[in-house]
Amino acid sequence: MSSLTLPEQLRSPASSLRAANYPGLDDWRGKTIGQHPQWAQHPDFARSIEELNTVPPLVFAGEVDRLRARLAEVANGEAFFLQGGDCAETFEGATADKISGRVRTLLQMAVVLTYGASMPVVKMGRMAGQFSKPRSSNEETRDGVTLPSFRGEMVNGFDFTPESREHDPNRMLRGYHTSASTLNLIRAFTQGGFADLRRVHQWNMGFAANPAYSRYETMAREIDHAVKFMAACGADFDALRTTEFFAGHEALLLDYERALTRIDSRTDLPYGTSAHFLWIGERTRELDGAHVDLLSRLRNPIGVKLGPGTTGEDALRLIDALDPEREPGRLTFITRMGAKNIREKLPPVIKAVQEAGARPVWVTDPMHGNTVSLPSGYKTRNFDDVVDEVRGFFEVHRELGSFPGGIHVEMTGDDVAECLGGSDPVAESSFAERYETLCDPRLNHMQSLEIAFLVAEYLSNQN
């Protein structure tokens, strides 16, 4: 992942001092800040921010530029974008086994999508920074006791106690160090042979051998023949033993993102160094709000979640605010309309953007618009709804002649039971033992791979 020389990397932290006086980087502080933690009066707030201002960057400007170039290929219909990971990461979940499981699943998905699309796949983990979550309510009440809502482990704890639910800025420091160790492992996995195409493909052959997924066996066999053909032709498998892998998260905590903003020594421009890719959520994308203001000033590729209430005018105003130069790869629209809305709500948004001559990357998030609560109290998603939104996404883009550029899913590499259904179906009766998420339900390992095979079928039909 790292492409900069050591001297350039060492200069990056020193340049953070110049970020303090860079024009406009603190204008967001005078704007409406949605979903903002209440920790400014905490005795450790100033010290935490001061330390984050001086720590080394988690990612480097050269890597960010490379991702923007890759996403420009997606915008031009020359690559496909895959992003996946936890709804909300946990500090305890940052183990080698958990991280390798998520990376492995994404690599498996990418191999299938590469074959189906007949084009490169840009791989990104919803990892190494996804420690905060927006909430619909600031408070939660249980048995007559009201406490602040859980906002992710970078803000407060999950346990329902006053001490745990306090907004604690020290958690940003733990989030930074946990993200650093996660990125170190990701770099090791993707550059050290774990990502070898032949190894990843054999994992997928094991998936297709399960009778529940027999419908995908033909595609798996075709990929197998392609891999064997490359080997017979003397393909350079050394070049296929490593892969690019980027990291992204929702830029919800502006105190954290601003503290990790650095001025690139090559260009004297500001970069968010907490991740390669940052996105703005549906709840915080106000045009005159703080999140749009700060991210508009960073050189990172930026995503914006668009829900079913989005109009074409909303999309155009976001383009003007975040991508005024219409730079390919700069802006990604991540649509989260819901299976019932996608075919009706998405077309007018795409048409408005097309008529304006803009070309953002279009990505589907089939998870967030399909969340339901069960009488038992569990939040879940039905696999069929997730699939239907993906199908609708492809149908709309095919009808309008635009490119369906990617998929963004909440998933894990573990055998959890959180989303109902699938070819090897998960039942609600399994939730008691295998429901592990602290926030929204995720696809498990097998459901994630099934989604990849289904999307690969859609992509192959477009070729």
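Would you mind checking which residues have amide H under 5 Å from GLY422's amide H? H placed 1.01 Å from N; only 5 or more apart, or other chain.
Here the answer is PHE383, ASP384, since their amide H atoms fall under 5 Å of that of GLY422.
Tell me, what does the Kirkwood hydrodynamic radius of the chain come to in angstroms if you use every pair of distinct C-alpha atoms?
Kirkwood radius, the chain: 22.6 Å.
Sum up the charges of everything whose Cβ sits under 15 Å from the Cβ of ARG102, counting Lys and Arg as +1 and Asp and Glu as -1, but leave ARG102 out.
Once positives and negatives cancel, what remains is -3.
Mind listing the long-range amide H neighbours of TRP279? Cut-off is under 5 Å, sequence gap 5 or more, other chains count too, H placed in the peptide plane at 1.01 Å from N.
HIS249, GLU250, ALA251, GLY303
For a quick check: with amide H placed at 1.01 Å from N, whose amide H comes under 5 Å from THR261's, ignoring anything fewer than 5 positions away on the same chain?
Distant-sequence amide H within range of THR261: THR273.
Whole-Hz Karplus ³J(HN,Hα) for the range 73-90, in order, using 6.51 cos²θ - 1.76 cosθ + 1.60 and θ = phi - 60°, x for Gly and Pro?
5, 5, 4, 8, x, 10, 7, 10, 10, 10, 10, x, x, 5, 4, 9, 5, 10
Could you run the Karplus curve 6.51 cos²θ - 1.76 cosθ + 1.60 with θ = phi - 60° over the range 203-211 and give me ³J(HN,Hα) per residue in whole Hz, x for Gly and Pro?
4, 5, 5, x, 4, 5, 6, 5, x
Taking the radius of gyration and the Kirkwood hydrodynamic radius from Cα positions alone, what is the Rg/Rh ratio for the range 29-95, to two decimal places?
On the Cα set of the range 29-95, Rg over Rh gives 1.09.
Give the percent of DSSP beta bridges with both residues in the chain that are antiparallel, rounded to the nearest 5.
DSSP beta bridges in the chain are roughly 25 percent antiparallel.
Excluding THR412 itself, what net charge comes from residues whose Cβ is under 10 Å from its Cβ, given Lys and Arg +1 and Asp and Glu -1?
Neighbour charge sum, excluding THR412 itself: -3.
What are the ³J(HN,Hα) couplings of the range 286-293, residue after residue, when phi is run through the Karplus curve with 6.51, -1.76, 1.60 and θ = phi - 60°? Round to Hz, x for glycine and proline.
4, 4, 9, x, 5, 5, 5, 4
When a/c is below 1.5 the answer is rounded, else prolate if a/b is larger than b/c, else oblate, so apply that to the range 279-352 with a ≥ b ≥ c taken from the square roots of the Cα gyration tensor eigenvalues.
Prolate, since a/c reaches 1.5 and a/b exceeds b/c.
Of LYS133/LYS345; LYS98/LYS228; LYS345/LYS379; LYS123/LYS351; LYS305/LYS345, which ones are farther than 20 Å apart at the Cα?
Table pairs above 20 Å Cα-Cα are LYS133/LYS345; LYS98/LYS228; LYS345/LYS379; LYS123/LYS351.
Considering only C-alpha atoms, what is the centroid distance from the range 78-117 to the range 229-269, in Å?
Distance between centres, Cα-based: 14 Å.
Is the range 239-282 rounded, prolate or oblate when judged by the Cα gyration tensor, a ≥ b ≥ c being the square roots of its eigenvalues, rounded requiring a/c under 1.5 and prolate requiring a/b larger than b/c?
Oblate, since a/c reaches 1.5 and b/c is not below a/b.
Over the chain, what is the relative contact order in whole percent, taking alpha-carbon pairs under 8 Å and six or more residues apart?
Relative contact order comes out at 21 percent.
A short reminder: the numbers here are calculations on the coordinates, not readings from a lab. What you see is a predicted model, and the numbers here were worked out from it, not measured in a lab. Glycine also receives a Cβ, built like all others from the backbone with ideal geometry; neighbour counts cover every protein chain displayed.
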